[in-house]
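The values are calculated or read from the model by the stated rules, or taken from the named source; none is laboratory data. All values derive from a computational prediction rather than experimental measurement. A quick note on method: Cβ atoms are made from the backbone with ideal geometry, for glycine too, and the neighbour counts reach across all protein chains shown. Ligands, DNA and RNA are stripped out before the accessible areas are found, and what is left, the full protein with its side chains, is counted by its heavy atoms. Shrake-Rupley method; radii C 1.70, N 1.55, O 1.52, S 1.80 Å.
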Amino acid sequence: MKIGILGTGHVGQALAKGLEALGHEIVIGSRTGDRIAAFVAGSAMREETFAETAHHAELVIVALKGEVAEAVVASVASHLVGKVVLDTTNPIAGSAVDGIVPYFTGPGESLLQRLQALVPQARFVKCFNSVAAHLMVHPDFGGRVPSMFLCGDDAEAKAVATSIITSLGWAPEDVGGAVAGSALEALCQIWCAPGFLRNDWHHAFAVLRS
């Protein structure tokens, strides 16, 4: 597939590498289209602006900081109509307080639902938001295949997401419609908490693996 990734950070780069290795055509989007020349050099990947990336892609992945996700998605909305969009974001609003990172969403509300509301004709699926970037592609958990939760309102879109998740070494677990988005986004708060509380990221990842 032609896959467009909105975001040039650790998540976007990890998924770009993993998906390119599987034979997909990868374009990474940034605001200016020229932020990661060194990363794409020597590969078939290329970097474009957000709009160009979304326009040419068959599948779009939102790999942005939660605080800018709505603005970027709104800016490329016309290019997302009818497309499957994988949402990896979390609505983080600042530094951790007593180990828990605060969210800017309200009770029972998710960033997934906000993004879906911005582009009702797109088909959003929440996934890859509850794991660190370095574990997203073929993680080694001692021979065990870890679960990757996903949710969204479109069955066909979730089937596409399931295929991508499986190809990257995870066992997909469909937990329902977009209403489950707030529960999935809360997983980020939970697995990060041990690391923030005790500066013990090894323990945090061990919890994730269990």
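Summary of computed values
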read-out	value
The range 1-129, relative contact order in percent, only Cα pairs under 8 angstrom and at least six apart counted	22
Longest exposed-site-free window of the chain, the sites being trypsin sites (Lys or Arg not before Pro) in a DSSP loop that have at most 16 other C-beta atoms within 10 Å	66-210
Dmax and Rg, reported as Rg then Dmax, of the chain (C-alpha, Å)	16.2, 45
Loop-resident sites, the range 56-132, for chymotrypsin sites (Phe, Trp or Tyr not before Pro), counting at most 15 other Cβ within 10 Å (DSSP)	Phe104
5 Å binning of all Cα-Cα separations within the range 59-161, expressed as whole percents from 0 upward	2, 12, 21, 23, 18, 14, 7, 3, 0
Per-peptide average of other Cβ atoms within 10 Å, ordering 190-197, 9-16 highest first	9-16, 190-197
Accessible area in square angstrom per residue, the range 1-154, 1.4 angstrom probe	44
Integer Hz, Karplus 6.51/-1.76/1.60 couplings in order for the range 142-151, x for Gly and Pro	x, x, 8, 8, x, 8, 10, 7, 9, 8
Percent carbon-and-sulfur accessible area, the range 103-190, ignoring ligands, DNA and RNA, probe 1.4 Å	57
Charge dipole (the chain, unit charges on Cβ, about Cα centre) - positive-most of Gln13, Val62, Ser75	Gln13
Amide H contacts of Lys83 (H built 1.01 Å from N, under 5 Å, at least 5 apart or other chain)	Arg123
Qualifying GluC sites (Glu not before Pro) in the range 7-86, DSSP loop, other Cβ atoms within 10 Å at most 14	Glu58
Rule-of-thumb Rg ratio for the range 103-187 [Cα; 2.2 N^0.38 Å; N residues]	1.10
Unit Cα scatterers, Debye sum, the range 1-116: log10 I(q)/I(0) for q = 0.14, 0.15, 0.22 Å⁻¹	-0.57, -0.64, -1.18
For the range 173-182, Karplus couplings with θ = phi - 60° (6.51, -1.76, 1.60), whole Hz, Gly/Pro x	10, 7, 9, x, x, 4, 4, 7, x, 5
For Met148, distant residues with modelled amide H under 5 Å away	Ala171, Glu173
Amide H partners (placed H, <5 Å) of Met136, local residues excluded	none
